[in-house]
Structures are given as C-alpha cells and as structure tokens.
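Participant: Please see the structure below; I have some questions.
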Amino acid sequence: MKEGRSNFRPSFFIPFVQMKVMKVCAAVLWVLAVFNASSQNSTPVQGQLHGNFQVLWQQYNADSIIGAEVPAEKTGMNAFGSFAYTYGNFSAGIRFESYLNAIMGFPGRFRGTGIGSRWAQYKNDLLEITVGNIYEQFGSGMTLRSYWEPNLGIDNALDGIRVIVTPDTGITLKGIYAHQRFDFDSRLINGLGLVRGADAEIFLNDLVPSLRPNKTKITVGGSFVSKFQEGETIDKDTLVLKLPNNVASYAGRIAIISGPVSFSGEYVKKINDPNADNKFIYKEGSGLLLNIGYSVKGFGITLQSKFIDNMAFRSDRDQLLFDVPINYIPSITKQHTYNLASTLYPYATVLNGESGNSLNAFYTVKKETLLGGKYGMNLALNYAAVNNIDTTGLAGNDQVVYGYETNSFAFGKEKFVRDFNVELKKKFSKNVTLLYTYYYMEFNTLVTPVTVDFKGIVFADIHVLEAQVKLNKKMAIRAEAQALFTEQDKKDWGTALFELSVSPHWTFSILDQYNYGNDNAKARVHYLFGTVGYVKGGSRVAIGYGKRREGIFCIGGVCRAVPASNGLELNITSTF
Amino acid sequence: MKKIFLLTIVLVVFFTSCDVIDEPICPPLGVGFREDLYGPPPEFDPQATVLTNVLLEDFTGQQCGNCPPANILARDLDTLFGERLSIVTIHAGSLAATGPDYPNDYTTPEGDFYWSQLAFQAYPEGRINRKGGPSNFFTTPAWEDEITESLAVPGVLDLQLAAEYVAENQHLNVHVYSRFTEAMPDAFRLVVLVIESKIVDHQLWYGHIPPEVPDYVHYHMLRGSVTGASGEIVFTNPDADATLVSSYSMDWNAAWIAENCAVVAFIFNESTGAIVTCTDLELGE
C-alpha cells in the first residue's frame, strides 16, 4: 500500500488551457496563410507548408490457434496528419490524431480524434523560442529525450517552452520548462510532473581561436534536468519514507574527432528517485556511455561500452513502460531487420541496470580482387554482450530503502544477451546481388520476456539468404530464405519472403513465418501474410491480409508487445 | 552581462531543483505526543513484582475454514491466563483476501509484514512471544503448553500501559512505561498495536453448517499500529533500572469503534526477535 503518491488525475484546468492553445494555433496558422497569400507580391519571403499523413486500419478475425482475438468493434484504426508552416523566422505546426479505436497492441486508452501536438517557433541569430509541444534531446538522451515514434505508440513530447540561445559562435545553450504528454482522449493530456532542463554545448574549436586551425575537433557539453512531482510519503514494508518532490539528473559529455579516429563519452548521475521502475528505492542512478571509432575508406570499426544503473527517469514516479519517460537509454545491440532476428528475440534495454559492450565493423573488399570480383564485396560484423550489473544486495532497512550497492562498472553474473552477426553482400552481376547473414544469439527470456513458453537462456542460430534480382528495367524481385535453429522455447522456425516490384508504382509481397520445429504439432502454424502496395509520388497505399504472430516489436531498444492478429490491413502514407 | 544573466538562471534552476534525502525513513507514525493539548504524560509507579507476559499472534483469514477453531482456542486461553496473555489475530495471506462473499479487507501492512516473516505460511498457526525467532510458529495443539512455558520465564521488564481515545480530537494517546530490572545486552524495540473485537462479518468455517457464516464475530483483530510493525528502538544495552516513558498521539481511524478496541504493547530483542514481555489495555475500560 502506498500513500501520498500523486497518481495522474485529469484536471479541468488542462483541457481549458489546451482548448485555448489549440484555438490560438489554428488562428495563427490561418492568419499566416492569409497574410502570406496577400503579401506574396510585396515580399521576397515565401511561406511553406509541409505535412504528412498516415492511416493504419486493421480488421480482425478470431483465430484460436494463434491466439488472435477480436475486439468488440472488430476493427481498429490509427491515423494522424501533421502540418508545419514556415514563414521567414516563424514556424508553427499541428498534428491531428485519431484512434477509432486504437489498433490492438497500442495503449488502449488512446482514443478519439483531436489535436495531439501543436507548436509555434520563432528564431533569429541569437534566439530560438518554441512554445507548445517540443521534441528535444540533450547529449545522448540519458538526461532528456522527448520523441515521437508512432509505430510504437510513444510520444513523450514536452509541452511548454524551450529557448535555445547561441550567444557566441560555437556555444549553444538550451533551456526547457514543460509538462509531458501522457495520454490522448480526443485531446492531448499531460501528466502532472513538471520537467525543467538546461543544456550547454561548446564547440571548442570555434570558441578558442588557437584551436581553430587544429584538425582535432573537440565538443564538450553538460546538461541538467529536474522533474517536479508532488508527494509526501510512501509506505514501504513497515517503513514510511519521505518522497523527493524534485529529482535531478545531470550529465557531462565530450566528443573528439581527429582524422579517422573519433571518441565520445557521456556520464550521467541521478539523485534519489524512488519510482515504480526501481520498486521505490532511494539509490542514486548513474550511467556511462563510451564510443570509440576508426573509419577510413572501405573499413570502419566502432567499439561501444555502456553501463546503466537505476536510470529509469519519468516525470511521474508511478508510471511504467512507455508513459512519460524523460530520458532515453541508447541501445548498443544492433537493430535487426530480417523477420526472424528482429521479431523473435529482440533485446530491450533494461533501465534498472545493465552493463554491455559491442563491436561493429565493416570492410569493403575492393573490386577486381580475388574475393571482390568485378563489383567488390561488403562485409559487416557486429557483436554485443550485455549482462546485469555487479551489485551486492543490502539487508534490513537499507535493503528496503536503497536496495543494493553497486560494486563496479563490470559485468554481473547474469547474462542478458549475446548477439553475434556477420553479413556478406556480394553483387555478382549488374542484375544479381546476394546477401548472407548469420546470427548467433544467447537471449535471456527472463529479462526480456518475449515468450511465455520458456524461461531462461535461448541459444539460437539464424541463417538468412537474400537474393535481389533485376528482371528488366521495370521489374525486380527480392527473395529471402531464413531459418532459426534452437533447442529452447518454440524450437525451430523458418521464414520465406518473396517480393516483386514493378516500377514505378507496384509492389507485391508474400511472407510466410513457420514454426515447423514446435513440439506441439498444433502450434506448427504458417503465419502467412500477403501485401499489395501502390506508390505514387510521396504517397503509398498498401493492403495486406493474413496472420501476424504474437511478439515483441522494438525500435532502438524500446519494445512493445504486439498481440497475434488475423485479418485485413490497410496502410496509407503521404507526404507533401 | 548577458552570459552572467544566463548563468545565474541556470544556477538558480540547479540549486532549487534537487531534493536529496539523506534520511528517507520518517519517524514512526505515532511519534509526537500532543503535550500542548493533553499536558504532560502520566507518571507510573514501578511494579514490585515483575512477571513475563505472553503475546499470542494468531494468523488467520476470513476465507480460512479451519481458522475459527483456532480463534475460539485463543479466546479460551485468554480466559484461562487472564491479564498475562495478550492476543492479536492477524488477517494475512491468500485466505485473507476479499471475494464476492468477503467484501471487506482486514489485512494491514503490519500483518502482511508479520506474515512474511514466517518460515512456513499456513493456517492456522501462531507465534508465542516469538519464541525461536520471528520465523518460528506453533500449531494450535502446542499453544497452551508453549504459553505456559513462556509465562514461567523470569520477568526482567516492567511494562505498563496507559491509553485513551479522545473523541473530540480523534486522537489515540498512548503512554508506555518500560523499566528493565536487570542489565541486558542488545537493543530492544517497542511495538504498539491497535486491535479491535466484536467485528461482525463473513467467515468461512468448515465446522459450521452452512460453512459460510455471514455474522461471525471476530475478536482481537489487528487493525493498525502506532509505531509501525517493527516499532522503534527504545533501549540499547540497558542497565538495571533503565526506565523510559514513550508517549504518542496517533490520528484515529474512523473505521474503528473505540469501545471495542484495545492497545497492545510489547518489547522485543532486536537480535533474536524474541518478545521480552507484553501488555494490553482495552480502550472501553
């Protein structure tokens, strides 16, 4: 039982303010459009309007074998339209959103149609001022990152004011003061927490005259972010604990580029922040991100190291998952694109603590060599290893209040993921290109719960062969054959993809994902999905029909559970 | 000037936006006797004879069909041993859950904590002066003998209690007098609990026809605490005659009926968990 914690509660004050803001935004856009139309002959400044639309509609059929359910309305639809208008130093934008009702797997509380984002901005040589919804990132994002990822259902836009000042060449100062988007119910709904932040970035080569001719380029920066949420005490076990209303996170960073060598690093700290992610412990958080790279023509290598300890940071201490995250922890595992590797065992960043290293390298075998042949050959290699962090649990009240002590930045004993993959890409002729990718994964399903069928480490080998063949000037085919071998979980899988492109408008594809190795014969299902797409200019219409497997969909280490589905899909996108 | 102004803003934001909490643990809930309202705490006279009293903690649940016989046994033992025995009936665990026929939740954070201390969680079972440590428990056939044995332990702590419910201020005032008669090693914690009797509500009882009893009378039910489940340290390595009066004013919970409530106080050894002695006082007296 917890008391004194501020759960989200809608306030009549918020819609009142938002209605006013919406009206003001609409009025500003309209006035600018009229003004622009009437003044085009008298001023060289031209206004520009850009935008994009997306509609995703799904129809559902029941399918007890794959566990596909049908909502009461039998269909779902997510749609949005964004508009941005620029006139000289001024710009403004607005985004309409519609969830009628949200497609399955999205936050079910997203519903209705209304304005999900609105903003206005003015900038000159010294200042850039933005009011309304703001997307911003400080450094690598470990102190602050607000972003919109419609495919994941994430929008943690800041809603307030941001000022960016460039007082001197090479110096950029940012200040932000805002609430944060939490929900959507025919209108934008903000959480109660308040986010305040400042960031400074200095490009030393511009600031220090003696460094200007230097080939080594150095950038340093620092950020500070504080959230405010009211709260008095929390009951935890038998203790009553004081809640911090103001929780701060701060970071320092440096980036150096010298010829082919680059280095960047950021270290972040967070003060006591009891929250639902860390089970309300008062331990400080910290994080370290290091990158070192070497790149020349035809060869590049990057080493990354990451340490994260208790770094979930939200503007509402009671929220979890996608709700009101202030920061973002970059992923060092590769984001895979092939069907089996990307959907069966995708790794999600563990905000409460992980320690990892990765290596990424590519090499281009030159043309007219034994291996390279006429067109050369590309090799890419990636390895990532992530474990828990090295900690010692505390005892008694200290355990209740602080949880554990961190011993070092080193790996803990629990393996989270191992991901090795190598890709060969070889063009054999003007019309034929082959790609082969091999993956070896060790994946802890207790840490990233992608399956309910197996708890522990899955050892998997994946082979992917892709062929790209140009049949003639207008037609091309792309085919993939994929196989996953494992003794754990649902055992072996295969995927086949065939895609035909008829330039300039049409694409036809069919995908079959087949769990042929499942011990349960009834679960050896073909997840067959066919798509027809039509593209013209900046617009695309795609219709698909078939089955989709229950699983996890990830972008950048952030993952969303996707339920099984069986039915028709319509996807329309357009930009202008 | 412009840079200084900006820097000042950043520094102001920085220094006003951090609540570093060095001591997150709040003092126990009941701390702070309202002397401004009620005057000084009462004075206690040392008892000439100091005996060891016994606390029986009876773990139960409204959906535990085997528990009513244990509740009845506890009340029989209360009659048998009189003032030397205090009883706290703790609703905790899965059989204390609410359900369609059991709409009221009688679990408490304190009870949940005590339940979590048990080495084996089952119903009915009881702790007797936490003999053998807080994880140790006794089944009903052993209760009488264990209580008798514990009552025979020579007394070393004079524990007295004064309590009053002040209706106009909705306060429970509690004063606990404690005096060691011998020097003792270790630290000792004082716990003050509130229990309530004569609560009429549903109870599953396999020995009753029908087993769903809608008007079962619950006695000695743990309702809350003044000090928290773990209490507060009141003595560390006390000398003989080490004496302390601990006074509390606690906000009353309106769901409790004062005349049916009692206060139970006990002191336990922090190292072993064993209770040194206990006492109770009915507010309706």
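The values are calculated or read from the model by the stated rules, or taken from the named source; none is laboratory data. Note that the coordinates shown come from a computational prediction; the quantities given were computed from them, not determined experimentally. Methodologically, a virtual Cβ is constructed for each residue, glycine included, from the backbone with ideal geometry; neighbour enumeration extends over all protein chains shown.
Participant: Among the numbered criteria (1) over 18 Å from A:Val55 (Cβ atoms); (2) in contact with a strand residue (DSSP E or B) (Cβ under 7 Å, 6 or more places away or on another chain), which single criterion is violated by A:Gly141?
Facilitator: (2)
Participant: Report whether or not B:Gly30 is more than 10 Å from chain A (Cβ to nearest Cβ), in a loop (DSSP other than H, G, I, E, B), crowded, with 21+ Cβ neighbours inside 10 Å and at pLDDT below 90.
Facilitator: So B:Gly30 passes the test.
Participant: Another one. Does the stretch A:393-435 hold any residues that are in a strand (DSSP E or B) and under 18 Å from A:Gly287 (Cα atoms), and which are they?
Facilitator: Scanning the stretch A:393-435 gives A:Tyr404, A:Glu405, A:Thr406, A:Asn407, A:Ser408, A:Phe409, A:Ala410, A:Phe411, A:Gly412, A:Phe416.
Participant: Could you tell me which residue of the stretch A:175-190 is surrounded by the most Cβ atoms within 10 Å (Cβ to Cβ), considering only residues that are more than 14 Å from chain B (Cβ to nearest Cβ) and under 26 Å from A:Gly222 (Cα atoms)?
Facilitator: This residue is A:Gln180.
Participant: Give me a count of the residues in the stretch A:351-388 that are small (Gly, Ala, Ser) and either buried (at least 19 other Cβ atoms within 10 Å of the Cβ) or closer than 21 Å to A:Thr445 by Cβ (or both).
Facilitator: Result for the stretch A:351-388: 6.
Participant: Next up: Which count do you get for residues in the stretch A:489-516 that are out of contact with any Ser or Thr (no Cβ under 8 Å at 6 or more places or on another chain) and of a type outside the set (Phe, Trp, Tyr)?
Facilitator: 9
Participant: Just one of (1) within 14 Å of another protein chain (Cβ to nearest Cβ); (2) surrounded by fewer than 23 Cβ atoms within 10 Å (Cβ to Cβ) trips up B:Glu212, so point out which.
Facilitator: Every condition holds for B:Glu212 apart from (1).
Participant: What number of residues within the stretch A:127-181 satisfy the criterion of being modelled with pLDDT of 90 or more and within 30 Å of A:Gly353 (Cβ to Cβ)?
Facilitator: Of the residues in that region, 25 qualify.
Participant: Okay, moving on. Mind checking which residues of the stretch A:62-83 are in contact with a Lys or Arg (Cβ under 9 Å, 6 or more places away or on another chain) and of a type outside the set (Ser, Thr, Tyr)?
Facilitator: A:Asp63, A:Ile65, A:Ile66, A:Ala68, A:Phe80, A:Gly81, A:Phe83
Participant: Any residue in the stretch A:240-262 that is more than 7 Å from chain B (Cβ to nearest Cβ) sitting within a Cβ distance under 6 Å of a residue that is part of a strand (DSSP E or B) and among the hydroxyl-bearing types (Ser, Thr, Tyr)? List the pairs, counting only those 6 or more apart or interchain.
Facilitator: Sorted first by the residue in the stretch A:240-262, then by its partner, the pairs are A:Ala251/A:Ser223; A:Gly252/A:Tyr267; A:Ala255/A:Thr219; A:Ala255/A:Ser264; A:Ser258/A:Thr216; A:Pro260/A:Tyr294; A:Pro260/A:Ser295; A:Val261/A:Tyr294.
Participant: What residue, of A:Tyr534, A:Tyr516, is without any contact (Cβ under 8 Å) to a residue 60 or more places away in the chain, touching an Asp or Glu at 6+ places or on another chain (Cβ under 7 Å) and either under 28 Å from A:Gly153 (Cα atoms) or not polar (S, T, N, Q) (or both)?
Facilitator: A:Tyr516
Participant: Do we have B:Ser230 as of a type outside the set (A, V, I, L, M), under 14 Å from the mean Cα position of the chain (by Cα) and assigned to a loop (DSSP other than H, G, I, E, B) here?
Facilitator: When the stated conditions are applied, B:Ser230 passes them.
Participant: Then there's this: Before we move on, is A:Phe313 farther than 26 Å from A:Asp390 by Cα, under 27 Å from the mean Cα position of the chain (by Cα) and within 14 Å of chain B (Cβ to nearest Cβ)?
Facilitator: no
Results for (1) more than 30 Å from B:Leu172 (Cα to Cα); (2) surrounded by fewer than 18 Cβ atoms within 10 Å (Cβ to Cβ); (3) polar (S, T, N, Q); (4) within 14 Å of another protein chain (Cβ to nearest Cβ), shown as yes or no for each residue.
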| site | (1), (2), (3), (4) |
| --- | --- |
| B:Ala48 | no, yes, no, no |
| B:Gln62 | no, no, yes, no |
| B:Thr79 | no, yes, yes, no |
| B:Ser116 | no, yes, yes, yes |
| B:Gly126 | no, no, no, no |
| B:Glu144 | yes, yes, no, no |
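Participant: Across the stretch A:191-230, what is the number of residues that are surrounded by fewer than 20 Cβ atoms within 10 Å (Cβ to Cβ), in contact with a strand residue (DSSP E or B) (Cβ under 6 Å, 6 or more places away or on another chain) and either of a type in the set (Ser, Thr, Tyr) or within 30 Å of B:Glu110 (Cα to Cα) (or both)?
Facilitator: 2
Participant: Only one of A:Lys269, A:Lys306 is within 14 Å of chain B (Cβ to nearest Cβ) and at pLDDT 95 or above. Can you tell me which?
Facilitator: A:Lys269
Participant: Filter the stretch B:224-247 down to the residues that are more than 14 Å from every other protein chain (Cβ to nearest Cβ) and surrounded by 12 or more Cβ atoms within 10 Å (Cβ to Cβ) and list them by number.
Facilitator: B:Val234, B:Phe235, B:Thr236, B:Pro238, B:Asp241, B:Ala242, B:Thr243, B:Leu244, B:Val245, B:Ser246, B:Ser247
Participant: Would you be able to say whether some residue in the stretch A:200-213 is away from chain B (no Cβ under 14 Å), more than 26 Å from A:Ile332 (Cβ to Cβ) and among the acidic types (Asp, Glu)?
Facilitator: Yes; the residues of the stretch A:200-213 include at least one that is away from chain B (no Cβ under 14 Å), more than 26 Å from A:Ile332 (Cβ to Cβ) and among the acidic types (Asp, Glu).
Participant: What are the pairs with Cβ atoms under 8 angstrom where one residue, in the stretch A:392-406, is within 13 Å of A:Asp309 (Cβ to Cβ) and within 14 Å of chain B (Cβ to nearest Cβ) and the other, located anywhere, is surrounded by fewer than 15 Cβ atoms within 10 Å (Cβ to Cβ) and among the basic types (Lys, Arg)? Sequence gap at least six, or different chains.
Facilitator: Partner pairs satisfying both residue conditions: A:Gly403/A:Lys279.
Participant: Which residue pairs have Cβ atoms closer than 7 Å, lie 6 or more positions apart in sequence or on different chains, and pair a first residue in the stretch B:32-57 that is under 30 Å from B:Glu168 (Cβ atoms) with a second residue that is of a type in the set (A, V, I, L, M, F, W, C) and surrounded by 14 or more Cβ atoms within 10 Å (Cβ to Cβ)?
Facilitator: That search, which allows pairs on different chains as well, returns B:Pro41/B:Phe33; B:Pro41/B:Val245; B:Pro42/B:Ala162; B:Phe44/B:Val245.
Participant: Listed residues B:Ala142, B:Ala162, B:Ala152, B:Ala167; which is among the aliphatic types (A, V, I, L, M) and closer than 16 Å to B:Ser247 by Cα?
Facilitator: B:Ala162
Participant: Shifting gears a bit: Among the residues of the stretch A:216-236, is there at least one that is closer than 27 Å to A:Gln180 by Cα, hydrophobic (A, V, I, L, M, F, W, C), in contact with a Ser or Thr (Cβ under 9 Å, 6 or more places away or on another chain) and away from chain B (no Cβ under 12 Å)?
Facilitator: Within the stretch A:216-236, none of the residues are closer than 27 Å to A:Gln180 by Cα, hydrophobic (A, V, I, L, M, F, W, C), in contact with a Ser or Thr (Cβ under 9 Å, 6 or more places away or on another chain) and away from chain B (no Cβ under 12 Å).
Participant: Would you say A:Val165 is buried (at least 18 other Cβ atoms within 10 Å of the Cβ), of a type outside the set (S, T, N, Q) and either under 23 Å from the mean Cα position of the chain (by Cα) or within 23 Å of A:His179 (Cα to Cα) (or both)?
Facilitator: It is true that A:Val165 is buried (at least 18 other Cβ atoms within 10 Å of the Cβ), of a type outside the set (S, T, N, Q) and either under 23 Å from the mean Cα position of the chain (by Cα) or within 23 Å of A:His179 (Cα to Cα) (or both).
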